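Working notes, structure below.
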Amino acid sequence: MAEPSEAEPSFSESAEVDAGVYVDSSALAKLYVPEDESDRLESFLHRRRDLMISELAITEVLSAVARKRRDGELQSNQANRIRDALLTDAQSGAFKRLDLDPSVHREAERLLFATDAVSLRTLDALHIALAFSGAATHMVTFDCRMAEAAAQTGLRVVTV
């Protein structure tokens, strides 16, 4: 999962969105590992047909789940259930799935050189480029730095 910034996210859009919405790993994780914002996020995402996730986000979430298992925060059977639920949901068609290809990498590299006001991290640049590859206009993230970078690149960050 993308490393969250210390401060609370500052979102620029309300939860009323009619557009393609990219769900980054910090948000996707909250659907499978309950946290304070999980209920609000689930309410926003419920029955939407314009949601996008990436294979990168799936891998990041599963990496976080595996770390929680290794650290004793989750039992093995809990971690396996989370993995199975995430992969089942990803294959269900509930999300449009985006994948890394050379054009996404080139866009991420362009973003790394084009964004000076925010220290753009590699995975953030890849997530933003993935959102663009799916023609997303909005992003759901709980990572402050990602939210700021996404907004600077023209994506609207959703408040949930």
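In whole angstrom, note down how far apart the Cα centers of segment 114-142 and segment 47-71 are. Cα centroid of segment 114-142 versus Cα centroid of segment 47-71: 16 Å apart. Here, P(r) means the percent of Cα pairs in each 5 Å bin from 0 to the largest distance; for the chain it is 2, 10, 19, 23, 21, 15, 8, 3, 0. Put simply, the amide H of LYS96, placed in the peptide plane, has neighbours under 5 Å in LEU51, MET52, ILE53, leaving out anything fewer than 5 places away on its chain. The simple spin-label model puts a point 7 Å past each Cα toward its Cβ; for ASP101 and THR59 those points are separated by 1.7 nm.
Please work out how much length the chain gains when fully extended from ASP116 to ALA19, using 0.36 nm per residue of separation minus the C-alpha to C-alpha distance, in nm with one decimal.
Values: separation 97, 0.36 × 97 = 34.92 nm, distance 2.74 nm.
Length gained, ASP116 through ALA19: 32.2 nm.
In a Gaussian network model over the chain where Cα atoms closer than 10 Å are linked, find which of SER76, SER38, SER133 has the largest mean-square fluctuation. Comparing SER76, SER38, SER133 in the GNM, the peak value goes to SER76. Between GLN91 and ARG47, the distance separating the two model label sites (each 7 Å from Cα on the Cα→Cβ line) works out to 2.8 nm.
Using 0.36 nm times the number of residues separating GLU35 and ASP84, minus their current alpha carbon distance, what extension gain do you get?
Values: separation 49, 0.36 × 49 = 17.64 nm, distance 1.92 nm.
Stretched fully, the GLU35-ASP84 segment lengthens by 15.7 nm.
Readers should treat all values here as calculations from the given coordinates under stated rules, not as data from a laboratory. This one's a predicted model, so the numbers in the text were calculated from it and none came from an experiment. Glycine also receives a Cβ, built like all others from the backbone with ideal geometry; neighbour counts cover every protein chain displayed.
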